[in-house]
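Student: Before we start, here is the structure in question, set down as structure tokens.
The values are calculated or read from the model by the stated rules, or taken from the named source; none is laboratory data. Owing to the predicted nature of the structure, the values given are computational and were not obtained by experimental measurement. Virtual Cβ from ideal backbone geometry, glycine too; neighbours counted across all protein chains shown. Please note that ligands, DNA and RNA were not included when accessible areas were found on the heavy atoms of the full protein model with its side chains. Shrake-Rupley method; radii C 1.70, N 1.55, O 1.52, S 1.80 Å.
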Amino acid sequence: MVRSRAEELAPLFLDALEEAARSRGVNPKLWVTEGDEGLVPSHWFRSGTVTRAEGTVTEPITESLSHSRLGLEWEWEESPEVTLTTVDSVEQAVEWFNTLSPKLVVSLIDDHPASQQRFYETVDAPFVGNGFTRWVDGQFALNRPELGLSNWEGGRLFGRGGVLSGDSVFTIRTRMIQDDPDLHR
């Protein structure tokens, strides 16, 4: 989230996270980078149940995260699990993504076509969008049965992120333009 708009956008982000959790009947899990904790109301810093692969566990609903751990991926078994961080600019966000993340999927929420194009040209991801990121699935994105994604933390199997499907291997770069805010996977 761009720091200059964080006071405005953080409450919307947190409301959306709460709604995603409520629709699943669970609590969310929020990670917030050190220094950005002030964007999160104090009631978020409580213990509660979170649904993990091993079952329901009790842990803090919100925890701080160091900048160096921004590349960690969350499972999101049933409890929506996300990280909130702020950047000075989209360019800084791209730099962090290109150096810290597994480089699989990225989205920029911005209505300006020139910003979207500049983002697409500079970010190193095979799947680029302007909305939710859960569309990156062979079944949903390519209408093919998916056997796996080749772009995980150990590095890329292919030059571009491949979707291993039951009938082919795709190594294309895919861009999604989402203009329906009610579209869900």
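Student: Search region 55-77 for residues being of a type outside the set (Val, Ile, Thr) and more than 17 Å from residue 100 (Cβ to Cβ), and hand back the single one that is modelled with the lowest pLDDT.
Tutor: Step by step, filter region 55-77, then rank; the result is 76.
Student: So which of 62, 56, 85 ends up being buried (at least 18 other Cβ atoms within 10 Å of the Cβ) and over 14 Å from the mean Cα position of the chain (by Cα)?
Tutor: None of the other options fit; the residue is 62.
Student: So which residues in region 17-27 are of a type in the set (A, V, I, L, M), under 17 Å from residue 45 (Cα atoms) and part of a helix (DSSP H, G or I)? Explain how you work it out, then say what you get.
Tutor: If we filter region 17-27 for residues that are of a type in the set (A, V, I, L, M), which is where we start, we get 17, 20-21, 26.
After this cut, where a residue has to be under 17 Å from residue 45 (Cα atoms) as well, the list is 17, 21, 26.
If the condition is that a residue be of a type in the set (A, V, I, L, M), under 17 Å from residue 45 (Cα atoms) and part of a helix (DSSP H, G or I), then 17, 21 are the ones that fit.
Student: Can you pull out the residues in region 88-105 that are closer than 17 Å to residue 73 by Cα, open to solvent by less than 40 Å² (accessible area, probe 1.4 Å) and of a type in the set (Ser, Thr, Tyr)?
Tutor: Within region 88-105, just 101 meets the criteria.
Student: Would you mind stating whether residue 4 is closer than 27 Å to residue 126 by Cα, of a type in the set (Ser, Thr, Tyr) and loosely packed, with under 14 Cβ neighbours inside 10 Å?
Tutor: The answer is no for residue 4.
Student: Of 42, 47, 79, 68, which residue is open to solvent by 40 Å² or more (accessible area, probe 1.4 Å) and under 19 Å from the mean Cα position of the chain (by Cα)?
Tutor: Within the list 42, 47, 79, 68, the selection yields 68.
Student: Another question, if that's okay. Within region 20-58, how many residues are farther than 16 Å from residue 83 by Cα and not small (Gly, Ala, Ser)? Full working, then the answer.
Tutor: First pass over region 20-58, keeping only residues farther than 16 Å from residue 83 by Cα: 22-26, 42-43, 46-49, 51-58.
Subsequent filtering for residues that are not small (Gly, Ala, Ser) retains 22, 24, 26, 43, 46, 49, 51-52, 54, 56-58.
Residues meeting the conditions: 12.
Student: Scan region 126-144 residue by residue and report those that are part of a loop (DSSP other than H, G, I, E, B) and either at pLDDT 85 or above or of a type outside the set (A, V, I, L, M) (or both).
Tutor: Hits for region 126-144 are 126, 130, 131, 132, 133, 134, 135, 137, 143, 144.
Student: Please work out which residue is most open to solvent (accessible area, probe 1.4 Å), limiting yourself to region 7-39 and to residues that are more than 24 Å from residue 96 (Cβ to Cβ) and either free of Cβ contacts under 8 Å to residues at least 40 places away in the same chain or of a type in the set (Gly, Ala, Ser) (or both).
Tutor: Our first condition is that a residue be more than 24 Å from residue 96 (Cβ to Cβ); within region 7-39, this holds for 15, 18-19, 21-27.
Going one step further and asking which of them are either free of Cβ contacts under 8 Å to residues at least 40 places away in the same chain or of a type in the set (Gly, Ala, Ser) (or both), we end up with 15, 18-19, 21-23, 25.
Values: 15: 89, 18: 63, 19: 93, 21: 2, 22: 145, 23: 82, 25: 71 Å².
Checked region 7-39; the qualifying residue most open to solvent (accessible area, probe 1.4 Å) is 22.
Student: Within the bounds of region 121-135, is there any residue that is under 28 Å from residue 180 (Cα atoms), open to solvent by 30 Å² or more (accessible area, probe 1.4 Å) and in contact with a Leu (Cβ under 8 Å, 6 or more places away or on another chain)?
Tutor: Among the residues of region 121-135, at least one is under 28 Å from residue 180 (Cα atoms), open to solvent by 30 Å² or more (accessible area, probe 1.4 Å) and in contact with a Leu (Cβ under 8 Å, 6 or more places away or on another chain), which makes the answer yes.
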